[in-house]
Amino acid sequence: MEDIIIGVVALAAVLLFFLYQKPKTKRYKLPPGPSPLPVIGNLLQLQKLNPQRFFAGWAKKYGPILSYRIGSRTMVVISSAELAKELLKTQDVNFADRPPHRGHEFISYGRRDMALNHYTPYYREIRKMGMNHLFSPTRVATFKHVREEEARRMMDKINKAADKSEVVDISELMLTFTNSVVCRQAFGKKYNEDGEEMKRFIKILYGTQSVLGKIFFSDFFPYCGFLDDLSGLTAYMKECFERQDTYIQEVVNETLDPKRVKPETESMIDLLMGIYKEQPFASEFTVDNVKAVILVSINMF
């Protein structure tokens, strides 16, 4: 009994420490919003209805800019076109940072990608590289024949199914089309649609997207990271990362092989490995950087 009492007192002391410790940085006044509960904030309120319905109700009550809290993270909601323009256009640099996400941090090799990164000199360099080389109009045009070829293959399937009066699953066909285009543009690989390599690639792609969409306890309650372990989220994240890293490393090794037959059109992995060899940036551009950037690229298609 004494051990239980001591444990409860210790837990209460820890909670009080987090609640009442003085902030080390200057705190600015937040926009108005619903009063949060200790520790969990407004979490229970958001569970009752769709968040957008709650935000609409709160906007009527608190105005076009409001704040709420979940765990240790404070959110600000904008509900007017004028404020949205101010935030996203006029002051976009001040709001260009991205909040931490444990899954993204792990999957992107420590935030080495160009999508959900902090607004740092490295981010500016990598974003400029992406706009000038990976996603420029000229670059997109070089893969026009790939998209056209895959589109013809898809239409041939539809025509054959129509001749036999068979049912066509358009969603499945579009998924196959997208995956085939991504493989050829990103890695210069042309897989059999029903082959094991394509199935492996799709499993990796879906695993990565799944991890990026997960909600981790530790992102909102840093002192409850063990709940990610207990729920299996940490193990799932590591499993997806291992599959992803193994596959991309194999592609990198193939790209570095001097005996390799290069694709007709330079793939994204070829371009990135060329940048890796040249090292044109002020920041070091490692193989992990290549992996992180190519990972984001295939998820942006």
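The values are calculated or read from the model by the stated rules, or taken from the named source; none is laboratory data. Just so you know, these numbers come straight off a predicted model, no measurement behind them. FYI the Cβ positions are ideal-geometry reconstructions off the backbone, even for glycines, and counts take in every protein chain you see.
From K238, K277, grab the single residue that is basic (K, R), free of Cβ contacts under 8 Å to residues at least 24 places away in the same chain and closer than 30 Å to T120 by Cβ.
Working: K238 fails: free of Cβ contacts under 8 Å to residues at least 24 places away in the same chain.
Of the residues listed, the single one that is basic (K, R), free of Cβ contacts under 8 Å to residues at least 24 places away in the same chain and closer than 30 Å to T120 by Cβ is K277.
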Q: Answer yes or no: is there a residue in segment 15-29 that is over 20 Å from F217 (Cα atoms) and at pLDDT 85 or above.
A: yes
Q | Residues of segment 211-226 satisfying the condition of being at pLDDT below 90 and among the hydroxyl-bearing types (S, T, Y) | A | Y223
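Okay, residues lined up against (1) under 15 Å from L116 (Cα atoms); (2) over 25 Å from the mean Cα position of the chain (by Cα); (3) not in a loop (DSSP other than H, G, I, E, B):
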{"position": "E266", "(1), (2), (3)": "no, yes, no"}
{"position": "P280", "(1), (2), (3)": "no, yes, no"}
{"position": "S283", "(1), (2), (3)": "no, no, no"}
{"position": "N289", "(1), (2), (3)": "yes, no, yes"}
Q.
Return the residues of segment 246-273 that are of a type outside the set (A, V, I, L, M), exposed (fewer than 13 other Cβ atoms within 10 Å of the Cβ) and modelled with pLDDT under 90; say none if nothing qualifies.
A. D257, P258, K259, R260, K262, E264
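Condition check: under 21 Å from K214 (Cα atoms), among the charged types (D, E, K, R) and buried (at least 18 other Cβ atoms within 10 Å of the Cβ). Does R98 satisfy that?
No: the conditions fail for R98.
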Q: State which residue is nearest to T138 (Cα to Cα) when the search covers only segment 164-198 and only residues that are touching a Phe, Trp or Tyr at 6+ places or on another chain (Cβ under 9 Å) and not hydrophobic (A, V, I, L, M, F, W, C).
A: Q185
Q: Would you mind finding the one in Y68, Y62 that is aromatic (F, W, Y) and either touching a strand residue (DSSP E or B) at 6+ places or on another chain (Cβ under 8 Å) or at pLDDT below 90 (or both)?
A: Y68
**Q.** 2 or more residues within 25 Å of the chain's Cα centre (by Cα) and without any contact (Cβ under 8 Å) to a residue 12 or more places away in the chain: qualifying helices (runs of 4 or more DSSP H) within segment 98-161
**A.** 121-129, 137-142
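Being in contact with a Phe, Trp or Tyr (Cβ under 7 Å, 6 or more places away or on another chain), of a type outside the set (D, E) and closer than 25 Å to I202 by Cβ is true for just one of F135, F143, F106. Which residue is that? Break it down stepwise before answering.
Details: F135 fails: in contact with a Phe, Trp or Tyr (Cβ under 7 Å, 6 or more places away or on another chain); F143 fails: in contact with a Phe, Trp or Tyr (Cβ under 7 Å, 6 or more places away or on another chain).
Exactly one residue qualifies, and that residue is F106.
Determine if segment 227-242 includes at least one residue that is modelled with pLDDT under 90 and assigned by TED's automatic domain parsing to the domain that holds A292.
No - not one qualifying residue is present in segment 227-242.
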Q. Is it the case that some residue within segment 203-213 is outside any helix (DSSP H, G or I) and of a type in the set (S, T, Y)?
A. no
Q. Would you say I158 is modelled with pLDDT under 90 and assigned by TED's automatic domain parsing to the domain that holds E196?
A. no
